[in-house]
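What follows is a set of notes on a single structure, which appears directly below.
The values are calculated or read from the model by the stated rules, or taken from the named source; none is laboratory data. Fair warning: this is a prediction, and the values are worked out from it, not measured in the lab. No Cβ is skipped: glycine too gets one built from the backbone with ideal geometry, and neighbour counts run over all protein chains shown.
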C-alpha cells in the first residue's frame, strides 16, 4: 500500500504530464514543450487515470492566425485510459477544458497587413477599455479614429465591427464609418488545443486582447 502511494505521488503525475506535453508540442508545432502540472486530491486514483486537475502553460501559439501568448489551459476532472497514456494521445480523452490567452496588439496589426484586410497606413490600438483603429492620413491628410466592437463569430474567428468614427474633430455618420473601415475585419486564431472554442474576447491593460475559450 505504501508502494502504491509513493507511485501515485511521484511517477504517475510526471508520466501523464510528460506525455501530454509531448503530444501538444507535436500536434500544434510548438517551439518547446509546454509546462504541464497534474494533480489529484486522492493520488491513488491517478493509477486508474483519474485526474482532478491539469494545468498547461504555453509561451505562445503561432501555428496560424494571430499570435497568442501566455496560453493557459485548465482541465478539471479528467479520466485518462492506460491505452491513451501509452500512445501519448491523452488530449483526445479530455472532455472539458478552459483556455485563457492574450493576442498582442502587434500580432493583430501584423495579421491585418499580411492578409491585406485594408489596414492601409493605420493600426489597431488596444486600450484598457476599448479598441480603436487610428490613421494619420485617412482623408486628404486628416487623421481619423474608429472605435471598434469585438465579437466572437465562430470557434476560431473574431469579428471586428466599426462603431463610431472621427475625422479630425468631427464625428462621422454610421454609413461613412463603415466605408472608412471597409466594413470591418475578421481575425482568425489557430485551432485551439484540447478542442477549445472561442467564447469571449475583450481588451486588457497590456496592449492586448484577452481571449477566452472552452471545451464542454
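Couple of notes before you dig in:
- Restricting 74, 22 to residues that are within 30 Å of residue 203 (Cβ to Cβ) and either at pLDDT 80 or above or in contact with a strand residue (DSSP E or B) (Cβ under 6 Å, 6 or more places away or on another chain) (or both) narrows the list to 74.
- Selection within the stretch 193-216 - modelled with pLDDT under 90 and out of contact with any helix residue (DSSP H, G or I) (no Cβ under 7 Å at 6 or more places or on another chain): 195, 204, 205, 206, 216
- Filtered residues of the stretch 22-43 (kept if part of a strand (DSSP E or B) and surrounded by 15 or more Cβ atoms within 10 Å (Cβ to Cβ)): 36, 38
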